[in-house]
1. For the range 127-225, what ratio Rg/Rh do Cα atoms give with a Kirkwood hydrodynamic radius?
2. Under the rule of -39500 (n - 2.57) per DSSP H run of 4 or more residues, summed and divided by the residues of the chain, what mean residue ellipticity at 222 nm is obtained, to the nearest 500 deg cm²/dmol?
3. In the neighborhood of residue 127, defined by Cβ-to-Cβ distances under 10 Å, what is the net charge if each Lys or Arg adds +1 and each Asp or Glu adds -1?
4. Can you compute 3J(HN,Hα) from phi for each residue in the range 153-167, using the Karplus curve 6.51 cos²θ - 1.76 cosθ + 1.60 with θ = phi - 60°, rounded to whole Hz and x for Gly and Pro?
5. Below 14 angstrom from the Cβ of residue 213, what's the summed charge of the other residues (Lys, Arg +1; Asp, Glu -1)?
6. Search the structure for amide H atoms under 5 Å from the amide H of residue 115, placed 1.01 Å from N in the peptide plane, and list their residues when 5 or more places away or on another chain.
7. So, by mean Cβ neighbours within 10 angstrom, what's the order for 129-140, 242-253 with the highest one leading?
8. Counting only residues 5 or more places away or on other chains, whose amide H sits under 5 Å from the amide H of residue 170 once H atoms are built in the peptide plane?
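We did not get these values from a lab; they are worked out from the coordinates using the rules stated. Since this is a predicted model, take the numbers as computed values, not measurements. So basically every Cβ, Gly included, is an ideal-geometry build from the backbone, and we count neighbours across all protein chains shown.
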Amino acid sequence: MFVKILADNCVSQLRPKKLLAEWGFSALVGDVLFDTGQNVAAIQNSRTMGVDDFSCIVLSHGHYDHTGALQSFLEIYGRKKVYMHPDAWLPRVYRETPIGIPWQKSEIECLGDIVEHVEPVEVSKGITALGEIPRNEKDLGIGKILKNGVWQDDKIMDDQSLVVKTKDGLLLVLGCCHAGLKNTVDYAEEVCCDEVKFILGGTHLVGLKDDEVREVASWLKKKIEMLAPCHCTGFKAEAILFNELRNKFAFAGVGSVFEFR
């Protein structure tokens, strides 16, 4: 089973040429498209990387940098199921700047079959979208959300991740992990009855203090076999993670391809 990074803040390879970076995230996880990036970069990168088709789309949460190319993917690749939390449609702002999904539900309904879910759901064989993740420890919410007619602090309850069953343990693929890394790992293990051994994607450690990142690294070092952080992890946090995890750290960006058994 392959994971191909189609959209990220940086490009990981010099070749093939014409790969584009943008602030956002998208990955092909087996036959599932997880997030769509911010703009058309993910579309071009998918073609450059030879992505012919996929079975469905899963949205990690309703921020623009994970949903911006949703309409384009559906127009180009045809009608698909789109799995998402119902809160992903709600208006969002960060310091008065809109950061929510740039589409109306009616626009996407014309092109795809929307599946709103809160509970975990198997979206392809061995691949589960976690749905709403319990917050037993600190989450990483940002900005404000308009819910029930009231602007309130956004805990980003729609944040979800993908869990893939491999022969060597669970692979956890993150969009931004606003639910918190430990909360997400714990829930993935509860849902899938196995241990998380591989983590890939945006960890949203960018807002943590150095000592907090080191605490995360110390916990991961004892638990996992590989961490491939990208997108909202942050350069400084990635440097700390690399220094602490060493051979368990894997660089990830547009063009990266990971294979799991």
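1. 0.99
2. It lands at -6500 deg cm²/dmol.
3. Once all neighbours under 10 Å are counted, the net charge is 0.
4. Per residue, the Karplus-derived 3J(HN,Hα) values read 4, 9, 8, 6, 5, 7, 4, 9, 10, 9, 10, 10, 7, 10, 5 Hz.
5. Net of charged neighbours comes to 0.
6. For residue 115, the qualifying residues are 82, 83, 84.
7. For the peptides 129-140, 242-253, the packing ranking is 129-140, 242-253.
8. 195, 196, 197, 198
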